[in-house]
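Encoded as structure tokens, the structure appears first; notes follow it.
Nothing in this text is a laboratory measurement; each read-out follows from the coordinates by a stated rule. Fair warning: this is a prediction, and the values are worked out from it, not measured in the lab. So basically every Cβ, Gly included, is an ideal-geometry build from the backbone, and we count neighbours across all protein chains shown.
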Amino acid sequence: MYYRKQHTFTFGGSVEFNQIEYRFLSAWNGRWQYSSPSNFFADLPSRIRGVYNVDNNDFDYNRQTPSAEYAVMLGGLYAQDEFRINKRLSITGGVRVDLQWHPGDFPLSQDLTNTPEFAIYENKINSKPQVNPRFGFNYQVTKNKKINLRGGSGLFTGRIPFLWYAYPHYISGTQYNNIDVKPTGTTPITTDLSDLASLQPGLTEINLIDNGFKLPRDWKNNLAVEIKLPGKLLLTLEATYSKTLNGLLFKSINGKDSVSTYTGSDNRPYFLASGAAAKINDQFTNVFILTNTSKGYRYNLTINLARNGEKLVNFLGYSYGKSFDLTSSVRNSHAANYEWNQSIVANDPRLSYSNFDLRHKIISYHFYNFKLKKSLLKVGFVYNGRSGSPFSFIYEGDINRDGSAKNDLLYVPATSADIQFQAYTNADGVLVSAETQWSQLDQYISNNDYLNSKRGDYTERNGARTPWNHQVDLRLSYEQPLFKGKNKLEITFDLFNAPNLVNKNWGKQHFVPNVQNAGVGVIDFVKIENGNPLYQFKNPTGTPWQIDPINSRWQGQIGVIYHF
């Protein structure tokens, strides 16, 4: 840091080196699927999936050997000038240069480079520096400093979980191969899937990094005003806006461009072929790629009112925000990020609500300090209200035949003409007719405000939300000075989710399980018939969301703190 007249110059840099050993090995024991218990005991699996090490599939060897071992370096240089123009106005200008570096090369399968459609991929990240300028200001609007205006704008480079670099090392088609077979005869369980390699020699999945892949980068802006009000109150109004410059997107690129569209109200595209016939290279179970996108933005509006008195501390804050992206990228692998990203067309998803979409949030806390001679008693509470978490309504089944049965957004029929059902039957005849299923679905849609609003249209990724979540926490704190100096003993008691102690129906926390990326499947896709999909409806009871069994209960906590 260097000072000169009205300038404060700051210079610096950082270097971070990560040596990574990735030790996850998916389905090494295999996933064995049976259609009935009798088939299990008869060694008649309907499907076997898994992975094996081409060089040595011994258990101890794979337990001790990382599935991927690599390094990533992050570096940054920055320079900043804080210029105080006068007593009321100061501006800050700066620039930061960020870069990433991956020593060595990502592996490339020879089968991949020999496939013309994939020969363009080099599996190399962009190591060129990203130049990120920033600007900010702080302005005392009035001479008495009761109104302060501040803001800024700039470019910012972030980082990613580096396990996303592990998968192009690990699932590269060079070290590990796959099994995905549907046996037609007896197949006893084996603890070594390489025993089945002869059934599908060379079959593998490929994960790639797109040419010149860049770290996430956003253009961020904020503007705020702080107003000192009578009674020691401070009012803060703030707005933020961020635009994605280099975002993230996972794609599947081994499918042939042989598609058609359904002829009904739901006219989404679907792949005509399936299995090996639908693949560019049938030796690859799939080819997934991590690439960049410039689509996405988020904004947030906040108003806070605070008072910090000697005896009474008060705060009330409200935020409203929305966040849009193509994928929220909350999974480990390329495959999971692609297969569980709900969309109409998985490789070209619409801009939609993020998993981290905020919407409404209210925070309020109030504490009172009682002075008891030399000791201090603090009593107060914290309220946190959130407008529920987002989730998606989807089909159960692969309606567009892209290889994923968990990512197809629902088309909400307006009338019975918009959907075709297949009756539930058994040997005795029809159990649930198509007409009855429509009547049940129509009632289910009418009972859900979001679905009812989307009749004749597709649901959106994360378009639905759980009910509001409300929580009130109480705190009691007693401080007692000990000996001389700053020594003191503090005893605290916290009561979390206090309303639940009064009434068992209060304080419930709602959520949708993230097992399927907060997707709720309500209609089963059965098959394609005469150019349109056939469905079945199970008429689920209850709500799409669940009640958190732990956080919905009141909990107490006692603490002892010694200050010295």
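Charges only on Cβ, +1 for Lys and Arg, -1 for Asp and Glu: so what's the dipole of the stretch 428-500 about the Cα centre, in debye to the nearest 20?
680 debye
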Ratio of the Cα radius of gyration of the stretch 225-302 to 2.2 N^0.38 Å, where N counts its residues: 2.11
Net charge contributed by nearby residues that have their C-beta within less than 13 Å of Leu248 (K/R +1, D/E -1): +3
Kirkwood Rh, angstrom, the stretch 409-469 [1 / mean 1/r, Cα pairs]: 13.1 Å
Among the listed pairs Lys504/Lys538; Lys251/Lys295; Lys279/Lys406; Lys406/Lys504; Lys143/Lys228; Lys214/Lys243, those beyond 24 Å (Cα-Cα): Lys504/Lys538; Lys406/Lys504
Listed residue (His102, Gly76, Val51) projecting farthest to the positive dipole end of the stretch 26-108, Cβ model: Gly76
Residue-by-residue Karplus 3J(HN,Hα) for the stretch 382-387, coefficients 6.51, -1.76, 1.60, Hz, glycine and proline x: 10, 10, 10, x, 10, 7
Charge dipole of the chain about the Cα centre (unit charges at C-beta), most positive-ward option of Phe564, Thr184, Pro390: Phe564
Amide H contacts under 5 Å for Asn254, placed H, 5+ residues apart: Val287
The stretch 358-402 shape via C-alpha gyration tensor axes, a/c threshold 1.5: prolate
Value of Rg to Rh for the stretch 468-556 (Rh from inverse mean 1/r over Cα pairs, i.e. Kirkwood): 1.37
Antiparallel bridges, percent of DSSP beta bridges restricted to the chain (to nearest 5): 95 percent
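When N is the residue count of the stretch 278-420, what does its C-alpha Rg come to as a fraction of 2.2 N^0.38 Å?
Ratio of Rg to 2.2 N^0.38 Å for the stretch 278-420: 1.66.
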Low-density loop positions, trypsin sites (Lys or Arg not before Pro), the stretch 101-176 - DSSP coil, at most 11 other Cβ in 10 Å: Lys143
Options Thr466, Ala434, Ser446, ranked by Cα towards positive dipole end of the stretch 433-475, top entry (Cβ charges): Thr466
Compactness relative to 2.2 N^0.38 Å, alpha carbon Rg of the stretch 405-564: 1.68
Shape category assigned to the stretch 183-251 from the gyration tensor of Cα positions, a/c cut at 1.5: prolate
Residue-count net charge about Phe213 - beta-carbon cut-off 15 Å; Lys, Arg +1, Asp, Glu -1: +2
Global form of the stretch 218-265, assessed from the alpha-carbon gyration tensor, a/c cut-off 1.5: prolate
Simple Cβ-charge dipole of the chain, Lys/Arg +1 and Asp/Glu -1, about Cα centre, in debye nearest 20: 4520 debye
For Lys295, distant residues with modelled amide H under 5 Å away: Gly247
For log10 I(q)/I(0) by the Debye sum over Cα atoms at q = 0.07 Å⁻¹, calculated from these coordinates, the label among [x] -0.46; [y] -0.41; [z] -0.61: [z]
